[in-house]
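These notes are about the structure you will find just below.
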Amino acid sequence: MLEILYHDDYLVAVNKPPGLLVHRTGLDAGETQFALQLLRDQLGRPVWPAHRLDKGTSGVLLFALDAAIARLLGQQFETGAAMQKTYRAVVRGWPATEGLIDHPLKRMRDDARAGREEVQAAQTHYRTLAHYELPLPHGAFATTRCALMELQPLTGRRHQLRRHMKHMAHPIIGDATHGKGPLNRAVAEFLGLQRLWLHALQLELKHPVSGVPLCMEAPTGPEWAIWDRFQMASASGTPRTG
């Protein structure tokens, strides 16, 4: 059963666990469980996804309870008007304290749409919340440095956060597509846990009917506490990419 974060006559938001697809897709033909079907069966009525989270990403996932509301929400997500999304991520290395990634992204090959531009503007604000150091050799270094990040996408491009962190040379830990395979495997074995360390923490938007501001929040799961034992005394220090 999915954890429901918000529910009214028009909307329902759930806390999606990692590893669950939003809906059926040919890219994962072997999967048998999907958030859309699970929520439909849980509520006993049809639901429409307002946006999507990658399979490995956990956190706030919003659905509409009819097609007209889904269209209104889709317009909000498309334009980003009066909407703010906040994520938590663990990345390789120690990025700068705060900054803006302004890096256009090319449409992914399986996301081509006739008449749409091939390269889209994309911006992400980031902030470093904590530094970690694992006693795990990595390359020429005796330890592996990671950081807990707050990421706020200002645009809504596919895989934007994962691709932007790769562009910064600080890929998200556990990202099999845009990350570093050997590092992901080594960290997963060391922690005894394999997942994409990306979580949709908070979604703020205007209600599509009433216009009232809404703030939906999904706390990170208990597995995130595993990083606490490796936290450095402060988030200051000399950045290093290893």
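The values are calculated or read from the model by the stated rules, or taken from the named source; none is laboratory data. Note that the structure is predicted; figures quoted are calculated from it, not measured. Virtual Cβ from ideal backbone geometry, glycine too; neighbours counted across all protein chains shown.
Candidates Arg195, Arg157, Arg240, Arg163: the one that is surrounded by 15 or more Cβ atoms within 10 Å (Cβ to Cβ), at pLDDT below 95, out of contact with any Asp or Glu (no Cβ under 6 Å at 6 or more places or on another chain) and on the phi < 0 side of the Ramachandran plot is Arg157. Considering (1) under 24 Å from Ala225 (Cβ atoms); (2) modelled with pLDDT under 95, say which one Leu151 fails and leave the rest. Exception for Leu151: condition (2).
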